[in-house]
Structures are given as structure tokens and as C-alpha cells.
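*Asks:* Starting off with a structure, shown below.
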Amino acid sequence: MKAAVFHGPRDVRIEDVPEPDAPAADEVVLGVIRAAICGTDASEWDHGPILCRPGVVLGHEFVGRVADVGSDVTALRVGDRVVSGAGISCGRCAWCLRGRTNLCAEYRTLGLQVDGGLAEYVTSPASICRRVPEPCDDDAAAMTQPLAVALHAISRVAQQPGDDVAVIGVGGIGSFIVAGASHRADGGRVVAVDVDASRLATASALGASEIADATGRELAELLLERSAGVGFDVVIEASGAPHAPAAAIAGARRGGRVLLVGLHGAPRELDLTRMILREVDIFTTVAHVCDSDIPAALELLAGSDVAAVTAGPRIPLEALVEEGLRPLAERRAAGKILVTPSGA
Ligand SMILES: [Zn+2]
Ligand SMILES: [Zn+2]
């Protein structure tokens, strides 16, 4: 079968590889219908390996049809259309037993350490797969995993109905956070902040109540200006820009909450005293919890136009590097790039 194999920086090849073996007792083999790619894939291609195991088949966002089931699998049948979560957890460690499977001591991710879905077939543990409801088309279903990551982020910071929320950085995962936060806003404002006009336009279409162009602006000042000088109940920092975490803290109100989503290539300086004296809480987030975040993402995709607003070009697997990873790495991709590994 054809698969996108990561060999090293700037070296992802579409190769003929053996089809997956028969599934283990608790696994399923999926024929991949649609896969999506994200900044993680582009970073691995551009300057990896960061998390990737060389030789791995890429792809951690995908929907497929069950082609084979292991002997212990009862919840899924051959022919079912399912999405797979990306994280594989052990189910036995202290974190798994507390439901925090994304922090599992043996956590591995499909498409990074384990062969993923940018291929004609992929093997997943049945426990992380969920059937796709009919209103979700294939393109939408392929966005389940990144939306689940966004919804997990929002659950970490416990957005309450009526909270005024600012989201800094609304490309990629930030745009899905805007969608999720707007869905739960219930009268609260969701202000999308970015330096890119097209990203801000997408954020509006995804439900942001306001947009703020931060081009040439001091970010903390902008946040205070947009919150009547008081600060936001919740500031979500998804840009990873060096100065953004400090600005997020300054832009939170007394007793407010800050969620750090964007990753940083270096340590950053924060004014902790200013944070402590205002009881501003900081949260962090990584990946998603399959049992809660995947069903929530499917529900939002089935009941909204998030996928239609977000969808970008659809490309064949052969075009993955030139029409997918490269434009994404060079920040000239518009919309979520979707790949058709089986040509459909
Ligand atoms: Zn991703
Ligand atoms: Zn575990």
C-alpha cells in the first residue's frame, strides 16, 4: 500500500509499504478515507524529528472504514465509519486510572511514534475509535482529532457560560478553540486576536463575537483596551509568540484564568508578582482525552458548519509534500489541508 513515511528533515516519501498485519485482539484495521494535516506534521517535515520516530508513517488526524477487527472487539464492525483518536494509552498507570489518559506513562501517538493514517490502511486500538454520526461528512470527520485537542484545552480552563474570552493566535488549533469557545460562550464575548486578516475572518465565521488585529500593537494593551481596562475572564494563548504569555497574564482580569496552548522554543519571562497579587491562575494543556473529547468534537462537527468553514484544499497522497507540508511550513496554507490516501 501507499504510505507517507517520515525519514528525516525535509525527507517525507510516499512509498510502497506492506499492508498492516492482522489486528491484535483489541485492535482494528481501518481503510483510511480522509486524513488531515497540521502544524505538527509540517514542523516534523521542516525541522524534525521533534517527536517523530524516523521510519514512521505520518498522520494523526483521520477517518476510515473498519476493514478488519481483532477477536476481542465487540463495539465496532467491519464497514463502520470511524474516527480514531491519536493517543494510545496503557489503561493501567496512575494517570490512566484517573482518566487523564493523555498523560499516560506509556503515551504514544499514531503518526508520530506509531504508524499513522497518511496511508491506505492504519491499525488503531479499538478503544480510541468512535463511530461517526451520519451528519458528519468525511472532510468534517477528519477534523475530529484537532477539534478534540481544542475542546480539551477549553475544558482545562473550565470556560463558564458568560465568561469573556480572548484567544490569541487563531490559526490552526486556535481557530478550533474559537469555534469551541464560541459554542459554549452563552452570552460571553469571544474575542479573536491575530496579526493575519484571513485568520481573523475565519475566526469570525467560526463564531468569534469580535476580532482584534494585533498588527503593530502592544498585545497586553490591546487586551485591556478590548476589556474596558479590566481584563478578560479567560485568556487563551495559542500563538506561541515569545511575548504572548506575559501579555496574556497582563490581559486577564483579577481572579482570571490564563491557558497556555502554544509551545515555545525557549524559556520566557513572566511577571509572577503581578500574577500572584491578582490571583490569576495559569493552566496548560496537551493533546486530548479520547473518552470525553472525541465524542464532544463529533457532536460539534455534526451540529455546526465548523468543518465547512475550516476546510482547505483536498489533495492526493502523492502531493503531500509539495501541496501540503511545504505550504503549511511556509505559513502560506489557507484552511485545513485534507488528504485522500485511497484516491477517493
Ligand atoms: Zn494535528
Ligand atoms: Zn497509562
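*Asks:* With springs only between Cα atoms under 10 Å apart, run a GNM on the chain and tell me which of A67, A192, A203 wobbles the most.
*Replies:* A67
*Asks:* Still on this structure, I have one more. Determine the shape class of the chain: with a ≥ b ≥ c the square roots of the Cα gyration tensor eigenvalues, call it rounded for a/c under 1.5, and otherwise prolate if a/b is greater than b/c, oblate otherwise.
*Replies:* prolate
*Asks:* Further question: Quick one: Karplus J couplings for the stretch 6-23, per residue in order, coefficients 6.51, -1.76, 1.60, θ = phi - 60°, nearest Hz, x for Gly and Pro?
*Replies:* 7, 10, x, x, 6, 9, 10, 10, 8, 10, 8, 10, x, 5, x, 5, 4, x
*Asks:* At 1.4 Å probe size, put R92, R13 in order of accessible surface, largest to smallest.
*Replies:* R92, R13
*Asks:* So, one more: Just how far, in whole angstrom, is the stretch 234-290 from the stretch 72-90 if you go by their alpha carbon centroids?
*Replies:* So the separation of the two Cα centres works out to 35 Å.
*Asks:* Next up: Would you please give the residues with an amide H less than 5 Å from that of I315, counting only those at least 5 places away or on a separate chain, with H modeled from the backbone geometry?
*Replies:* Close amide H contacts, sequence-distant or interchain: L338, V339, T340.
*Asks:* Something else about it: Taking θ as phi - 60°, what are the ³J(HN,Hα) couplings along the stretch 87-104 by the Karplus curve (6.51, -1.76, 1.60), each to the nearest whole Hz, with x for Gly and Pro?
*Replies:* My calculation for the stretch 87-104 gives x, 9, 10, 7, x, 10, 6, 4, 6, 4, 5, 8, x, 9, 5, 6, 10, 3 Hz in order.
*Asks:* State whether the stretch 96-162 is rounded, prolate or oblate according to the following rule on the C-alpha gyration tensor (a ≥ b ≥ c being the square roots of its eigenvalues): a/c under 1.5 gives rounded; otherwise a/b larger than b/c gives prolate, and the remaining case gives oblate. Don't skip to the answer; put the middle values down first.
*Replies:* Numbers: a/c = 2.12, a/b = 1.18, b/c = 1.81.
Taking the square roots of the gyration eigenvalues as a ≥ b ≥ c, the stretch 96-162 is oblate.
*Asks:* For the stretch 114-165, what does the accessible surface come to per residue with a 1.4 Å probe? Please give it in Å². Provide the component values of the computation, followed by the final result.
*Replies:* Details: 1630 Å² over 52 residues.
Normalised by residue count, the accessible surface of the stretch 114-165 is 31 Å².
*Asks:* Another question, then. When Lys and Arg each count +1 and Asp and Glu each count -1, what net charge do the other residues less than 10 Å away from H243, Cβ to Cβ, add up to?
*Replies:* On the way: positive: R268; negative: E218, E269.
Neighbour charge sum, excluding H243 itself: -1.
*Asks:* Please list, ordered by chain and number, the residues whose modelled amide H lies under 5 Å from the amide H of A166; skip anything fewer than 5 residues away on the same chain.
*Replies:* V191, V234, V235, I236
*Asks:* Could you list the residues of the stretch 295-335 with an amide nitrogen less than 19 Å from a label point located 7 Å from the Cα of L263 in the Cα-to-C-beta direction?
*Replies:* 325-332
*Asks:* From the protein chains alone at 1.4 Å, what is the descending order of accessible area for T215, T40, largest first?
*Replies:* On the way: T215 85, T40 55 Å².
The most accessible residue leads, giving T215, T40.
*Asks:* Carbon and sulfur together cover what percent of the accessible area of the chain at a 1.4 Å probe radius? Write out the running numbers ahead of the final one.
*Replies:* Details: 7520 of 14830 Å².
Carbon with sulfur: 51 percent of the solvent-accessible area.
*Asks:* Moving on. How many angstrom separate the Cα center of the stretch 325-341 from the Cα center of the stretch 123-170?
*Replies:* 20
*Asks:* Pull out a ≥ b ≥ c, the square roots of the eigenvalues of the alpha-carbon gyration tensor of the stretch 43-133, then state rounded if a/c is under 1.5, prolate if not and a/b is larger than b/c, and oblate in the remaining case.
*Replies:* Verdict is oblate for the stretch 43-133.
*Asks:* Using DSSP to define loop residues, name the GluC sites (Glu not before Pro) in the stretch 45-137 whose beta-carbon has at most 13 other beta-carbon atoms within 10 Å. Please report the intermediate quantities before stating the final value.
*Replies:* Values: sites: E61, E106, E120; in loops: E106, E120.
Hits after loop and neighbour filter: E106.
The values are calculated or read from the model by the stated rules, or taken from the named source; none is laboratory data. Small disclaimer: the values here were computed from a predicted structure and weren't measured. In this analysis, Cβ positions are derived from the backbone assuming ideal geometry, glycine residues included, and neighbour counts consider all displayed protein chains. Surface accessibility is based on the protein's heavy atoms, side chains included, excluding ligands, DNA and RNA. Shrake-Rupley method; radii C 1.70, N 1.55, O 1.52, S 1.80 Å.
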